[in-house]
Each structure stands twice: as structure tokens, then as C-alpha cells.
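Remarks on the structure that follows.
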Amino acid sequence: NDRIVLASEGLPRPLGSLEITDLYPNPASDVVEIGIETAGHTSVRIEVVDVLGRVMLRLADVGSFAGTRRVQVEVGALPQGLYVVRILTPDARDQRLFVVAR
């Protein structure tokens, strides 16, 4: 009956850390809204990647910020399917799955 419990909630994140706080709607048809939180002032890039690893959309720079920001990404031109949204900074990355459906 061995269990591993991760108790990181509520702890301060390291400088440069990054998190996708939410992503909706999921599934999406036209636009997906992404909540991004970063612990330090840093530049942020967004990529949308298909299941074969191809970068389908790239937002070169959504700005440099610290704290929380909401970004809308237009996904209406993408074929229906499963995608990964990647959020990248020079020091960290996070990713989350989402579906484009019509």
C-alpha cells in the first residue's frame, strides 16, 4: 500500500517557473483561451503542436511579464484533432492537451 503524495501546492515556485493555469474551451472550435502564470518577469512564447510533433501555430512572443496573463489563440484554421499547447520561456516550459472539434 505504498503511495507517493506530492505536496507542492501552496509552496512558492522557483524564479522563472511557468504554469498553464487553465485552458478553455476544451474542446475548442475557433479560439482557445490560455491562462499563464509566471513567477518572474520573463518573455513568453506559445506553440501549438499536433500529435506528430509538427508546430502548427507559433506566437513568437506574447510579451514579457510577471504574474498572470490570459492569451487567446485562434485555432479555427486547424484541422479537427488532438493538439498540445506549449508555453515556453528561456528558463521553463509547460504544456497541456486540447482538442479542436467542430
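The table for this structure:
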item	result
Matching residues, the range 77-102, being farther than 14 Å from GLU33 by Cα, among the hydrophobic types (A, V, I, L, M, F, W, C) and in contact with a strand residue (DSSP E or B) (Cβ under 6 Å, 6 or more places away or on another chain)	LEU78, LEU82, LEU88, ALA92
Test: residue in the range 58-76 that is open to solvent by less than 30 Å² (accessible area, probe 1.4 Å), on the phi < 0 side of the Ramachandran plot, charged (D, E, K, R) and touching a strand residue (DSSP E or B) at 6+ places or on another chain (Cβ under 6 Å)	no
Qualifying position, being open to solvent by less than 60 Å² (accessible area, probe 1.4 Å) and either touching a Lys or Arg at 6+ places or on another chain (Cβ under 7 Å) or more than 14 Å from ALA77 (Cβ to Cβ) (or both), among GLU33, GLU37, GLU19	GLU33
Condition broken by GLU47, with the remaining ones in (1) more than 11 Å from the chain's Cα centre (by Cα); (2) closer than 14 Å to LEU88 by Cβ; (3) among the charged types (D, E, K, R) satisfied	(1)
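The values are calculated or read from the model by the stated rules, or taken from the named source; none is laboratory data. Here the structure is a predicted model, which means the values were calculated and not measured. No Cβ is skipped: glycine too gets one built from the backbone with ideal geometry, and neighbour counts run over all protein chains shown. We work out accessible area using only protein heavy atoms, side chains counted, and drop any ligands, DNA or RNA first. Shrake-Rupley method; radii C 1.70, N 1.55, O 1.52, S 1.80 Å.
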